[in-house]
Amino acid sequence: MKRITRTNLGWSLFLALSCALPTLTAASVYRLGPVDDTVLINPAPATSVNFGTAMAAGDFNDDNISDLAVAAYAASEVRVFLGREWSVGGVLPASRFIETVVPLSAQLFRPVLAAGDFDNDSDDELVIGDEDFDGTAGNAGRVLVLRYTGGSWVTQTTIEQGSNGYSGVAESGDALGSSLAVGDFDNDGYADLAMGADGEDVGSVQDAGAVLIAYGSSTGITGARDQLITRNSDGLTVLPTLVERYGATLASGDFNEDGYADLAIGAPRARCPNGTDSSGAVIMMLGSAGGIVNTGTRQFRPGVLGVQGTCADNMAFGRTLASGGFDSGSSSDLAIATGDDAVHVLYGSAATGLQTDGDQRITPASLPGNIVGDERFGISLATGRFNDDPFNIFPGRGSLAIGASFDTVNGLIKAGSVNVIPGSSSGLEPSKAQRFTRSAGLAIGPPVTVDLLGAAMAGGDFNDDGRRDLAIGVPYYDIEGFADRGAVEVLYGSDFIFRNGLQ
């Protein structure tokens, strides 16, 4: 990261800051490391597998400590681990989390999780996307919003198209809940919820995709003024196309620094300018006092209008999205993963929102000690201030964690890895990335073939020490004679400046 120098701040400002800052020691520096890391092993019945296939962090019990929600495949529940206060390197509590169970009426096969305070009561609600839910039509999908009452979980609302005041019609294959994003799109103090339905038919165009937006209120999420957005209503002149999967991924951030959260929509099968190749695209829609609007909408595609790369078939540009602040600006930036082992970073601007000038393309070859190949690089993304230094006194400068679940580790295929890239005053610095894998120095132990570490991630301060921690899904972890039970490895940020031995 950049240090304060007379070159980038001016000598007089440097002196003023130096006088104002306390004496700085090594204890002021923190990063993720193996000290006091913990592993959460699938606690559900043996029929449940792939624990850690989906995760989300939020404060569900209003104690100002991050909690972790974890889903498995084919389970009729979600486990929520409530965070507790303790210090890395100190006396460890008997249990680092308090476990709760969210019972569900149906099994989850491709779950998506999110968290948001939709009624502005200081408690986050848990959002569960269940795209395979049949309801009135096969795989129409649904979204559940639940509150933690201190002893149990209560459903605040069930969202299905055409029910409970929500727009649209529940049709076979719509897959509502295939993606989720939370943001205050109208800046009224209540979080709002965007939900992908990437199998939605638009007219006669099959699987074109759509996004349903529901707004928060004093009573939580309602369908009172929801929006159903498709290619026909997003403000662009682009027509919906077959199997475009509009809304397959979503992310929220204030990309133009106006106080309203904006929405990034991934369409990983969107067409290239030639009209035939399917490279993928990301659409940026702006927030306003009235919520998401179709004015100022922009589209980003590889090799088009300043975005790096080439618009080629099956690139899947936009297959994973994550918003964060990676430089010293106040606007949000957007990380965009593709299917060709690359992650693009578009930086926000108060003038234009996301901009292609300075598009940063990160590949495994950009990082120290990584292996180039089919790694599923970018299959998961997480953002947060996972690294800090004594002079990190400006806004932004968050890190980007990139999951590569098919990465080969010590010759073991698909063992998986996560690379954490620190931010700086000018943006992400790939050359300073930390690489994490399973290792003998971690609670989860050495790497194993086909573990798929990094398939999902979530960041939060799970022990209330002011430092960001990272939960990493290992959904094919084997335990007690059962294959693919799944686990979650939690790395804590601390003052102990260690790195994983398998960098």
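The values are calculated or read from the model by the stated rules, or taken from the named source; none is laboratory data. Every value quoted in this text rests on a predicted model; they were computed, and no experiment measured them. Cβ atoms come from the backbone with ideal geometry, glycine included; neighbour counts cover every protein chain shown. What goes into the accessible areas is simple: the full protein's heavy atoms, side chains included, and nothing from ligands, DNA or RNA. Shrake-Rupley method; radii C 1.70, N 1.55, O 1.52, S 1.80 Å.
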J(HN,Hα) series, the range 241-253, from Karplus relation 6.51 cos²θ - 1.76 cosθ + 1.60, nearest Hz, glycine and proline x: 10, 4, 6, 6, 6, 4, x, 4, 9, 9, 8, 10, x
Over 12 Å [Cα-Cα, the range 426-485], rounded percent: 76 percent
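Looking at the chain, which longest stretch skips every one of the trypsin sites (Lys or Arg not before Pro) that is in a DSSP loop with at most 14 other Cβ atoms within 10 Å, leaving the sites themselves out? Write out the running numbers ahead of the final one.
On the way: sites that count: ARG3, ARG499.
Here the longest segment lacking exposed loop sites spans 4-498.
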Whole-angstrom Cα spans of the chain along principal axes, big to small: 63, 55, 49
Estimated distance in nm for a label pair at ALA351 and ASP313, the labels positioned 7 Å out from Cα along Cα-to-Cβ: 4.0 nm
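Could you work out Rg/(2.2 N^0.38 Å) for the range 232-322, with Rg from alpha carbons only? Each step should come with its number before you reach the end.
On the way: Rg = 12.9 Å, N = 91, 2.2 N^0.38 = 12.2 Å.
For the range 232-322, the normalised Cα radius of gyration comes out at 1.06.
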Assigned charges on the beta-carbon of Lys, Arg, Asp, Glu; the range 165-309 dipole about Cα centre (debye): 420 debye
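Any idea what the alpha-carbon Rg over 2.2 N^0.38 Å comes to for the range 165-218? Let's see the in-between values first.
Values: Rg = 12.6 Å, N = 54, 2.2 N^0.38 = 10.0 Å.
Compared with the compact-globule rule of thumb, the range 165-218 sits at 1.25.
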The range 193-311 - percent relative contact order, Cα under 8 Å, separation 6 or more: 18 percent
For the range 402-451, diffusion coefficient by Stokes-Einstein and Kirkwood Rh (Cα), 37 °C, 0.692 mPa s, µm²/s: 282 µm²/s
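Pulled fully out, how much extra length does the chain show between ALA106 and ASN120, if you take 0.36 nm times their separation in residues and subtract their Cα-Cα distance?
2.1 nm
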Per-bin percent of Cα-Cα distances, the range 128-202 [5 Å]: 4, 16, 23, 23, 17, 11, 5, 1, 0
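Explain nothing, just the number: dipole magnitude of the range 53-124 about its Cα centre with +1 on each Lys and Arg Cβ and -1 on each Asp and Glu Cβ, in debye rounded to the nearest 20.
Numbers: 4 positive and 12 negative charges, 115 e Å.
It works out to roughly 560 debye.
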Amide hydrogen neighbours beyond the local backbone of SER179, cut-off 5 Å, H modeled: GLY196
Principal axes of the range 81-194: Cα extent on each, largest first, Å: 54, 35, 24
Linear extension gain, THR276 paired with LEU236, 0.36 nm per residue minus alpha-carbon span: 12.5 nm
Of every Cα-Cα pair in the range 47-123, the percent that sits beyond 20 Å: 40 percent
Charge dipole magnitude, Cβ of K and R +1, D and E -1 - the chain, Cα centre, debye nearest 20: 1540 debye
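For every helix of n ≥ 4 consecutive DSSP H residues, a contribution of -39,500 (n - 2.57) applies; sum these over the chain, divide by its total residues, and give [θ] at 222 nm rounded to the nearest 500 deg cm²/dmol.
-500 deg cm²/dmol
Could you give the accessible area per residue of the chain, probe 1.4 Å, as a whole number in Å²? Can you show the working numbers first?
Numbers: 18180 Å² over 503 residues.
Result: 36 Å² of accessible area for each residue.
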Square roots of five times the Cα gyration tensor eigenvalues for the range 117-253, Å: 26, 17, 11
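If you average the sequence gap of Cα pairs under 8 Å that are 6 or more apart and divide by the length of the range 129-217, what percent do you get for the contact order? Intermediate values should be presented prior to the final figure.
Numbers: 218 pairs, mean separation 20.2, N = 89.
23 percent.
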Segment VAL154-ARG225, length gained on full extension (0.36 nm per residue, minus Cα span): 23.2 nm
Signed unit charges on C-beta, dipole axis of the chain, positive-most listed residue ALA382, GLY83, GLN161: ALA382
